[in-house]
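Working notes, structure below.
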Amino acid sequence: MKTITRIGVLTSGGDAPGMNAAIRAVVRTAIYHGYQVVGIRRGFAGLLAGDMEPLELGSVADIIHRGGTVLRTARSDEFATAAGQALAYEHLLATGIQGLVVIGGDGSLQGAEALARSGMPVIGVPATIDNDVAGTDLTIGFDTAINTAVAAIDRIRDTATSHERTFIIEVMGRHSGHIAVAAGLAAGAESIVVPEALVTNRQICERLQRGFQRGKRHSIIVVCEGAGSGYAIAEHIQACTGQQPRVTVLGYIQRGGSPTAQDRILASRMGYHAVELLRQSRANQMVAVQRGEIISLPMSEVAGRPHILDPELLQLSEILSI
């Protein structure tokens, strides 16, 4: 790998709290070592459009606490094509970028791997609230998202208790139940419905009826959006128990807000190590955290692969909610 003097950085896919902290760490670590940094706006779409700007120390001042991404983000169908990837590579070369840091979820990392195959030294930084990237225990944004969900569930439980009702809270996670399990366990949910271990409507009703028989008059059910509709589950519960559950869909509220201290620290560590990997000529890697230690893995081994949900957490939730 040639000696690198100019680094590019972009954020792609869904925004996640902590992305700004990662951008800040990349920029300041790179400048500390004497590199120039180019910020690419709007992800791969901006790369194709040549939407770039030089980043200095002051460019990333006062952003560590902000949600979203100052570089903004967008999805790009054109980049998914071979022609789009070739054009993106040409734009990187034309701008003098010799190494690229891509901050985003699994789709973004797959895009980063495609650029790596073209010959561009690339480092991936996993940032998504879904925590569904293989090879890393945590992704940037996950901790903030589950804390947001838990805070909402705690408030809803106050109303559930007061009105003696069942409430269904639908959380994000198209293909992954990590948010649902973590938030449900932390908030003491009676049932958690995720794609990885689907609970039938009948099982949910039986659990509610057992609780009712022992004097329980309110319940919380957390549903991952990828496992079904909270409204459909509510209709079934009403049909089989006579209860009228209330449904709350948290939606995009889980993506926004100031990142937690854990996400800020994780993002800072990952952004720093991304630049260090480029300095060490260890390209085409993804930064990861395992058992609290920052490591790196070949992107070819993790991109496009699922992060398996820990079944022990589901079992623990079932035991504690009897």
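The values are calculated or read from the model by the stated rules, or taken from the named source; none is laboratory data. Quick caveat, the model's predicted, so the values are computed rather than measured. All Cβ positions, glycine included, derive from the backbone under ideal geometry; neighbour counts span all protein chains shown.
Annotations
- Any pair with Cβ under 6 angstrom, 6 or more apart, that starts in the stretch 243-271 at a residue that is within 18 Å of T73 (Cβ to Cβ) and ends at one that is among the acidic types (D, E) and surrounded by 15 or more Cβ atoms within 10 Å (Cβ to Cβ): R255/D15; D263/D143
- Annotation for the stretch 117-130: at least one member residue is free of Cβ contacts under 8 Å to residues at least 24 places away in the same chain and more than 17 Å from the chain's Cα centre (by Cα).
- Out of A134, A114, one residue alone is of a type in the set (A, V, I, L, M) and either assigned by TED's automatic domain parsing to the domain that holds V249 or part of a loop (DSSP other than H, G, I, E, B) (or both). It is A134.
- Candidate set from the stretch 8-66 (those that are within 28 Å of D132 (Cβ to Cβ) and basic (K, R)); member that is surrounded by the most Cβ atoms within 10 Å (Cβ to Cβ): R24
- Every residue from the stretch 266-311 that is aliphatic (A, V, I, L, M) and part of a loop (DSSP other than H, G, I, E, B): A283, A303, I308, L309
- First in the stretch 298-313 and over 11 Å from E196 (Cβ atoms), second anywhere and assigned to a loop (DSSP other than H, G, I, E, B), Cβ under 6 Å, 6 or more apart: M299/N284; V302/A134; V302/G135; R305/A134
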